[in-house]
Amino acid sequence: MTMVLEVAWHNDRPEKRLDSREQVDAFVQELASHAPGTVTAATAYALAGEDDEPDHELLIGADVARGVGVARYSCAEGTWYLTNGSSTGGPVLAVHFGTPVELPPDAEVPLDAVRAALHGLLTHEGRRPDAGNWVQTT
């Protein structure tokens, strides 16, 4: 089955459809460069066709100035986030459509981990990517 990622991140920009590693990498760079110093977030869904209704969501965020981002995966079985394994002290804030989203203090990861999560969503056909250290939230 051929999958495509549908990503949305800004009210005045149309949703994008990504189907290759190069498009995913370019999107993460675009997202990360939007507001340097801020973790700008987007939602991503893996879809099999135009009318596909996703049963999952991957929230990703990126800040190119600091070279970090976040990834949070949600589905009917629960919610997980990528962790760096150590706390930054306070919650990590990502801005999604102008609204702050709070993630745990250990949720900032290198941008390469965010890219890997997005690639994984596509290659795993919407299931939680297996790259990285995912922690289930309560």
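Some observations on this one:
- Whichever residue in the stretch 24-54 is of a type in the set (S, T, N, Q) and within 14 Å of the chain's Cα centre (by Cα) and, among such residues, is most open to solvent (accessible area, probe 1.4 Å): 29
- Test: residue 115 is surrounded by 15 or more Cβ atoms within 10 Å (Cβ to Cβ), of a type in the set (Lys, Arg) and assigned to a loop (DSSP other than H, G, I, E, B): no
- Reported count of residues in the stretch 62-85, each being under 14 Å from the mean Cα position of the chain (by Cα) and small (Gly, Ala, Ser), is 4.
- Leading residue by the ranking (surrounded by the most Cβ atoms within 10 Å (Cβ to Cβ)) among those in the stretch 55-102 that are part of a loop (DSSP other than H, G, I, E, B), touching a residue at least 60 places away in the same chain (Cβ under 8 Å) and not charged (D, E, K, R): 97
- Among the residues here, residue 8 does not qualify as buried (at least 22 other Cβ atoms within 10 Å of the Cβ), under 12 Å from the mean Cα position of the chain (by Cα) and either more than 18 Å from residue 107 (Cα to Cα) or of a type in the set (A, V, I, L, M, F, W, C) (or both).
The values are calculated or read from the model by the stated rules, or taken from the named source; none is laboratory data. Owing to the predicted nature of the structure, the values given are computational and were not obtained by experimental measurement. Positions of Cβ are backbone-derived with ideal geometry, glycine not excepted, and every protein chain shown enters the neighbour counts. Surface areas here come from the heavy atoms of the whole protein model, side chains and all, with no ligands, DNA or RNA. Shrake-Rupley method; radii C 1.70, N 1.55, O 1.52, S 1.80 Å.
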